[in-house]
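The values are calculated or read from the model by the stated rules, or taken from the named source; none is laboratory data. No experiment lies behind these values; they were computed from the predicted model shown. Cβ placement follows ideal geometry from the backbone for every residue including glycine, while neighbour counts extend to all protein chains displayed.
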Amino acid sequence: MIMNDKPLIHTSNKAELNRIKEKFIEIFFRLNGLFAAILILLIFFFLIREALNVFMLINPFEFISINLKSEAVYEWYPTSDPARYSIVPLLIGSFLTAVPATIISTFFGVVLGVYLSEIASTGVREFLKPIIEVFAGIPTVVVGFFMLVVAATLIQDTINPPSRLNAFLASLGLSIIVIPIIASLTDEALKSIPNDIRMAAYSLGASKWQTISKVIFPTALSGVSASVILGFGRAIGETMIVLMASGNAAIITVDIFSSVRTISATIAAEMGEVSVNSAHYFSLFFIGLILFAVTLLMNLLAELFLNKMKKRFHLY
Amino acid sequence: MTYYNRILFLLFLMFYSCKVENLSPRDIITIKGSDTMVNLTLRWAESYMKINPEVSIQVTGGGSGNGIAALLNNTAHIANISRELKDVEIKRAAEFGVNPVQHKVALDGIAIIVNPENSVDSLSLIQLKNIFSGEIQNWNELGGEPGKIVLYGRENSSGTYEFFKQNVLNTDSSGSVKEFSTGMQVLQGTAALAEAVSRDRRGIGFGGIGYFALRDDVKIVSVKVDPQHKAFNPVLKHQPDYEIVRERTYPLSRYLYIYTNGTPSGKVEKFIKFIQSEVGQKIVKEMEYIPLEQSYYDNE
Amino acid sequence: MKNAAEILKPNHTGEFKKNFTGNIPILGIRIISYTVVLLLASVLMYIFANGIKVINWEFLLSAPRNNMTEGGIGPAVFGTLAVIFLMIVITVPLGIFAAVYINEYIKDRWLARIITISINTLAGVPSIVIGLFGLGFFVLFVGKNLDEVFNTGMLLGKPAMLWASATLGVLVLPLIIVTTVEALKSVPDIQRYAAISLGSTRWEMIKTIVLPQARSGILTGIILSISRAAGETAPLLFLGCAFFLPDLPVTYLDLGLFAIPMINPAEQFMYLSYHIFVLTTQSTNPTLTKPLQYGTATVLVFLTLLLNMTAIIYRIKFRKNLEGLRGY
């Protein structure tokens, strides 16, 4: 790109006019560009503004537990009297759906990514890659619908969990979305490794599997980690699938077959129905802020891993 | 730049047209609230608009809480609420400068449903209370086959949730107030709830009878006030039992209300009159709810 | 790379065992990969197989009847198209201009970094959080204040199509910017130099050289963002999606002699994805509406698949174009 385009000579009025016009156009573009950056600040600002209002109405500790009859209660009952706003069950719910989903998706997604990048022939890869990208774009409400209507019965007939709708069902649904994401990103991470490295491994007599497992994969590990982290970020923020398939019971449990209520589903289910500027309304913004912070953290982590990988390749 | 100008022009036209819309005489009635009532309201709206094509009625569900919020925020003309307003809510309304006026539009019974394979036929209110607060956890304590009870309920914004809480969980000789068990699965609508119970042998759920009366894949349980009382079933042969619900003999009967801000006038008043008229109440009956007055269904 | 593997593969008999055990993991990877792809595909196939039966023109165009147990999804299709149209009008110019600024104008590296990081962050924000922002900012802040300024009562300060579109716009903005930047980047610098050396100004260079060549790349981004927006549900739950509307959200622009029908952005709307949600969870008779549920899901999936496929085709075309460009 050319960084300096000031004309060397400007004598005529027309040139001067042109220069002003150019200046205006640049300012116009800059406004647009800055707007994108400002938008993220705006989101931050508005979330925080609405979320912090909650502390005028609720004691911050109530988001962990509330004392009822001298007993600490960890419950999410925002419409009861007295209202209970413990986010503990919601956090547990979010993690109990997102973590298993990430584990499942990491395994299958990474395997699929390795296959795409290292094993599949060029033709197969060119055929499969777009298909996998398309899978990542399936509307989540359709996945939720499928889990609720078809998969729930299937799981019930085979595993027969105590609850028909449960965290496991939701995490399976999440996997449908997250596997393609991890697969696609893993494929890209592996592909970004210079071919020389593969050649070097082969020339040392390594078999294909040895090359993949001992050379390629360790080299791309930070890239693969980044893809897993991004997959987790996606899983924890996903709403419709968990809203429809997790059962939405706000309980404290570690049983993956019990139903759970996630942060995202809570916002989706309750936001349309609260009166504006009530404690309940602000508290929904507050849990939204938590969700935002978690995904932000995940993004930054992924960025860090990716940078690490990029740096590594400068060494080679 | 011309592209941007064109867009600006389009936007301008759109806003301009909004203004035109506002000035035009076409009447819009916005209705929000209870999911229990949303299907019923849709039918009212459909028939009313057939008679009065100059009126457009928009219906949104989301729960009674949504209706109240809409009324307070002044985003709806009519709020569907499947329970009476709480004192707190009336106070809040006053703060917002809103004066909610109540109109009875129909009656409804809350039915308790279980899976057809479940052998339990009747439950008392105390039993229901203990079931839904999580104290009774196994069907064999109720005379059924052993198995963990799985609770299905509604979102905390739904009127059915509140009604059930106030009329089942709060009834006790000791007067203690109970909460729903945290283990209760929360479904996004009564239809999803019926679907879940029909597939879950250990499931139990509750909802307006209109949603269950015609279904074969769920069983409606009879309810009695005390263990020694007679148990009543709100539905007989796929037909709501009008008598016991209207007379409130069935313990879980309730009125369905619509609320307006202040005494309605004009288009809204006309619509409410229509709902309470014979035509409107016939629709109530068709939708498996209970009409307000006997005369509306007797003469058939 | 494959050739190298073949050439270097030790193939004398003594190595057979090593090769054999070495190939088991590869075989495993193959099998697992095929299974995953087949499983994912079968989900879609199942929905298609059940949904394709009910789809015809009447289903696509007519309104729901008889308490939403019969009829079609016409208003939902219309609502989806209208929201997406508005979203494009709001976001696409903004996104493209921002991308042009990032790629063609920024001189300050730090500013470029900050903007890029913000956009990447924005891309990772969950849609439900964007929905919260849409409600808090567009509806309750912008809308309410506009109402107060213009004295329009409750026209804009309520969840409506305009705000839903704007919120979806925020959601897809990073996608548009990133794909556009990529498309701009792929235009060889040498052409920029050529244009400038011929005496064109920067804007003329962008207008006549860069943008036309990046067009199919930019289009890819737009199509992808449409597909993303069409599939989105969560933020719309509280931004004006309606259960049922008797009329299309249309208004008539009175021009004196005749009136032009027009989307009314201050209205509520029906949306395909929300329609699926409502049909599955809230219909009076889920057994009766089951075909409608599958039908709607099929339409939505088909729509997003079609859009994604188009985007991919455009991308391939774009890459081919570029290869042509690199040729000279």
Report the residue count in the range A:123-145 for those that are more than 8 Å from chain C (Cβ to nearest Cβ) and of a type in the set (Val, Ile, Thr).
1
Across the range A:30-46, what is the number of residues that are of a type in the set (A, V, I, L, M, F, W, C) and either facing another protein chain (nearest Cβ under 7 Å) or closer than 14 Å to C:Leu171 by Cα (or both)?
8
Name, by its number, the condition in (1) within 25 Å of the chain's Cα centre (by Cα); (2) farther than 30 Å from A:Ala268 by Cβ; (3) surrounded by fewer than 22 Cβ atoms within 10 Å (Cβ to Cβ); (4) of a type outside the set (A, V, I, L, M) that does not hold for A:Tyr115.
(3)
Please verify whether the range A:151-169 includes one or more residues that are closer than 29 Å to C:Thr281 by Cβ, within 12 Å of chain C (Cβ to nearest Cβ) and without any contact (Cβ under 8 Å) to a residue 24 or more places away in the chain.
yes
Condition broken by A:Ala249, with the remaining ones in (1) farther than 15 Å from A:Ser171 by Cα; (2) surrounded by 24 or more Cβ atoms within 10 Å (Cβ to Cβ); (3) within 13 Å of chain C (Cβ to nearest Cβ) satisfied:
(3)
Selection within the range C:268-300 - touching a Ser or Thr at 6+ places or on another chain (Cβ under 8 Å) and either at pLDDT below 85 or not assigned by TED's automatic domain parsing to the domain that holds C:Ala234 (or both):
C:Gln268, C:Gln282, C:Ser283, C:Thr284, C:Asn285, C:Pro286, C:Leu288, C:Thr289
Suppose we filter the range B:134-170 for residues that are not in a loop (DSSP other than H, G, I, E, B) and not charged (D, E, K, R); how many remain?
17
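Results for (1) among the hydrophobic types (A, V, I, L, M, F, W, C); (2) touching a helix residue (DSSP H, G or I) at 6+ places or on another chain (Cβ under 6 Å), shown as yes or no for each residue.
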site	(1), (2)
C:Leu81	yes, no
C:Ile90	yes, yes
C:Asn103	no, yes
C:Ala112	yes, no
C:Ser118	no, yes
C:Ile130	yes, yes
C:Phe137	yes, yes
C:Glu148	no, no
C:Lys158	no, no
Let me spell it out: the conditions are (1) away from every other protein chain (no Cβ under 12 Å); (2) at pLDDT below 85, and B:Ile113 meets all of them except one. Which number is the exception?
(2)
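Residues checked against (1) at the interface with another protein chain (Cβ under 8 Å from one of its Cβ atoms); (2) part of a loop (DSSP other than H, G, I, E, B):
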{"residue": "C:Lys158", "(1), (2)": "yes, yes"}
{"residue": "C:Leu173", "(1), (2)": "yes, no"}
{"residue": "C:Val178", "(1), (2)": "no, no"}
{"residue": "C:Leu184", "(1), (2)": "no, no"}
{"residue": "C:Ile196", "(1), (2)": "yes, no"}
{"residue": "C:Val210", "(1), (2)": "no, no"}
{"residue": "C:Ile223", "(1), (2)": "no, no"}
{"residue": "C:Ala230", "(1), (2)": "yes, no"}
Of the conditions (1) touching a Ser or Thr at 6+ places or on another chain (Cβ under 7 Å); (2) over 24 Å from B:Leu40 (Cβ atoms), the single one that B:Val88 does not satisfy is (1)
Criterion first (touching a residue at least 24 places away in the same chain (Cβ under 8 Å), assigned to a helix (DSSP H, G or I) and in contact with a Gly (Cβ under 8 Å, 6 or more places away or on another chain)) does A:Phe285 satisfy it?
yes
Here the residues within the range A:149-173 that are in contact with a strand residue (DSSP E or B) (Cβ under 9 Å, 6 or more places away or on another chain) and either within 16 Å of C:Ala41 (Cβ to Cβ) or not hydroxyl-bearing (Ser, Thr, Tyr) (or both) are A:Pro162, A:Arg164, A:Leu165, A:Asn166, A:Ala167, A:Leu169, A:Ala170
Please work out which residue is nearest to the other protein chains (Cβ to nearest Cβ), limiting yourself to the range B:67-80 and to residues that are of a type in the set (Gly, Ala, Ser) and under 14 Å from the mean Cα position of the chain (by Cα).
B:Gly67
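Quick check on my filter: what residues within the range C:116-152 are part of a loop (DSSP other than H, G, I, E, B) and either within 8 Å of another protein chain (Cβ to nearest Cβ) or buried (at least 21 other Cβ atoms within 10 Å of the Cβ) (or both)? Show your work before the answer.
Of the range C:116-152, the ones part of a loop (DSSP other than H, G, I, E, B) are C:125-126, C:151-152.
Across the range C:116-152, the qualifying residues are C:Val125, C:Pro126, C:Thr152.
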Return the total of residues in the range B:249-277 being surrounded by 14 or more Cβ atoms within 10 Å (Cβ to Cβ), among the charged types (D, E, K, R) and more than 17 Å from the chain's Cα centre (by Cα).
2
Among the residues of the range A:264-283, count how many are away from chain B (no Cβ under 12 Å) and closer than 17 Å to A:Asn59 by Cα.
2
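Would you tally the residues in the range A:189-216 being within 12 Å of chain C (Cβ to nearest Cβ), in a helix (DSSP H, G or I) and more than 23 Å from the chain's Cα centre (by Cα)?
Our first condition is that a residue be within 12 Å of chain C (Cβ to nearest Cβ); within the range A:189-216, this holds for A:190-191, A:193-214, A:216.
Then keep just the ones that are in a helix (DSSP H, G or I); that gives A:190-191, A:195-203, A:208-214, A:216.
Subset that is more than 23 Å from the chain's Cα centre (by Cα): A:195-203, A:208-214, A:216.
Summing the residues that are within 12 Å of chain C (Cβ to nearest Cβ), in a helix (DSSP H, G or I) and more than 23 Å from the chain's Cα centre (by Cα) in the range A:189-216 gives 17.
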Exception for B:Lys267 within (1) basic (Lys, Arg); (2) assigned by TED's automatic domain parsing to the domain that holds B:Glu89; (3) in a loop (DSSP other than H, G, I, E, B) falls at (3)
B:Arg83 within 14 Å of chain A (Cβ to nearest Cβ), in contact (Cβ under 8 Å) with a residue 40 or more places away in the chain and among the basic types (Lys, Arg)
yes
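Which of the residues that make up the range A:224-255 are β-branched (Val, Ile, Thr) and either modelled with pLDDT under 90 or not assigned by TED's automatic domain parsing to the domain that holds A:Val111 (or both)?
A:Ile251, A:Ile252, A:Thr253, A:Val254
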